[in-house]
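Before any comments, here is the structure.
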């Protein structure tokens, strides 16, 4: 939960001093609410700390790709990291400059590669030799010579959830570190690719800076070896992955401390640094509002049935993730132990299980905290449920940046 933007004022939960009770009544539930001020503050923490280093910050679009969020970051001067043609289209639609886009991802299709080349993206991070060959063929056809780097898998354990760890040899991402030098040699003289970078990303939701620093040592050692064989690498893309605190018992790593450690290690390396933060910028800046529909007791077990479901926020079901859940109005009632569940016809449809929470009654609204990243981005229409609206709050004003879907939206594009 972002301490800059979300908290209680006179027992009413607010975003930027805006009571979320008022917003819930005007917009309805479920809905996502983002603090524009928190997003900007988190982005500026990166840019401010790195101002004396040759760098670019490329926001990881997959964390939250809503146009209103992207346009906010565009105005701050952010670049973007995309992993699909659709994400690139979203960046351009939000006013973003394709020349400030890095195209990553392990399975770029031929049409996506062609689209990105025509748009003129800054750089491609290639994840295999066959992908680099495919990129070279399309670049030759279009008479282009894009900048590229290879994503190197350093075989370093980031000690995070196995679904979001990406830096070990058994993962699908990147080229093995032990083969990297030979692969770079094979592409160094390619007439249709300009080999300028090395990229890596070891995973997400990482609290300990140790794996990052170990990765940096491994990659800079590779860069030095490549320079000795006349492959002049000038760009180092270290990805993202800095954690955010989802529980009161967790402490969000300091962006400033983490970047200070990186800066010390990179001093004198003469490399252009690219970072790709996502969750750490938007995660704490969002909540999901949901209204209590019913209370149910089954033997000794309590259920709080709400109008948000796993199709709106799948992280608890998919990753067994914890999100703090608080009432919009603190009533002072005793706390109970309950499962907080949605309307989807799946036992796996829950927002929390065996959660201690203030006793909540039908009609009251709860806030599911730290939901700004991988919340709406992973939402679906499962059980033919329209996806919720998204609202951006800045200062004391709010704006709906995505309308609630209608039933008609559910069948758009279909035919009998």
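Taking the condition modelled with pLDDT of 95 or more and surrounded by fewer than 21 Cβ atoms within 10 Å (Cβ to Cβ), does residue 84 pass? Give the steps one after another, and end with the answer.
On the way: modelled with pLDDT of 95 or more: yes; surrounded by fewer than 21 Cβ atoms within 10 Å (Cβ to Cβ): yes.
So residue 84 passes the test.
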Regarding region 202-221, can at least one residue be identified that is modelled with pLDDT of 85 or more, surrounded by 21 or more Cβ atoms within 10 Å (Cβ to Cβ) and out of contact with any helix residue (DSSP H, G or I) (no Cβ under 9 Å at 6 or more places or on another chain)?
yes
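Give me the residue from region 186-201 that is in contact (Cβ under 8 Å) with a residue 40 or more places away in the chain and in a loop (DSSP other than H, G, I, E, B) and, out of that set, surrounded by the fewest Cβ atoms within 10 Å (Cβ to Cβ).
Of all residues in region 186-201, those in contact (Cβ under 8 Å) with a residue 40 or more places away in the chain come to 186-188, 190-201.
Then keep just the ones that are in a loop (DSSP other than H, G, I, E, B); that gives 188, 190-193, 200-201.
On the way: 188: 14, 190: 17, 191: 9, 192: 20, 193: 22, 200: 28, 201: 25.
Checking each candidate, the answer is 191.
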I'd like the full set of residues that are surrounded by fewer than 20 Cβ atoms within 10 Å (Cβ to Cβ) and touching a helix residue (DSSP H, G or I) at 6+ places or on another chain (Cβ under 9 Å), limited to region 315-342.
318, 321, 322, 329
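So that you can scan it fast, the table gives a plain yes or no per residue for (1) modelled with pLDDT of 95 or more; (2) within 30 Å of residue 244 (Cα to Cα):
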site: 122; (1), (2): yes, yes
site: 132; (1), (2): yes, no
site: 151; (1), (2): no, yes
site: 155; (1), (2): no, yes
site: 160; (1), (2): no, yes
site: 166; (1), (2): no, yes
site: 187; (1), (2): yes, no
site: 200; (1), (2): no, yes
Using the structure shown, decide if residue 27 is closer than 23 Å to residue 248 by Cα and at pLDDT 95 or above.
no
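If a residue counts only when it is under 17 Å from the mean Cα position of the chain (by Cα), which helices (runs of 4 or more DSSP H) contained entirely in region 36-122 have at least 1 such residues? Lay out the reasoning, then the answer.
Working: elements: 36-49, 67-75, 85-93, 110-119.
Correct list: 36-49, 67-75, 85-93.
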Can you confirm whether region 26-36 contains a residue that is out of contact with any strand residue (DSSP E or B) (no Cβ under 8 Å at 6 or more places or on another chain) and assigned by TED's automatic domain parsing to the domain that holds residue 365?
yes
Just one of (1) assigned to a loop (DSSP other than H, G, I, E, B); (2) at pLDDT below 85; (3) under 21 Å from residue 57 (Cβ atoms) trips up residue 244, so point out which.
(2)
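Against the condition free of Cβ contacts under 8 Å to residues at least 40 places away in the same chain and under 26 Å from the mean Cα position of the chain (by Cα), how does residue 216 come out, does it pass?
On the way: free of Cβ contacts under 8 Å to residues at least 40 places away in the same chain: no; under 26 Å from the mean Cα position of the chain (by Cα): yes.
Here the answer is no, as residue 216 does not meet what is asked.
The values are calculated or read from the model by the stated rules, or taken from the named source; none is laboratory data. Being a predicted model, the structure only gives us computed values, none of them experimental. Cβ coordinates were reconstructed from backbone atoms using ideal geometry, including for glycine residues, and neighbour counts include every protein chain displayed.
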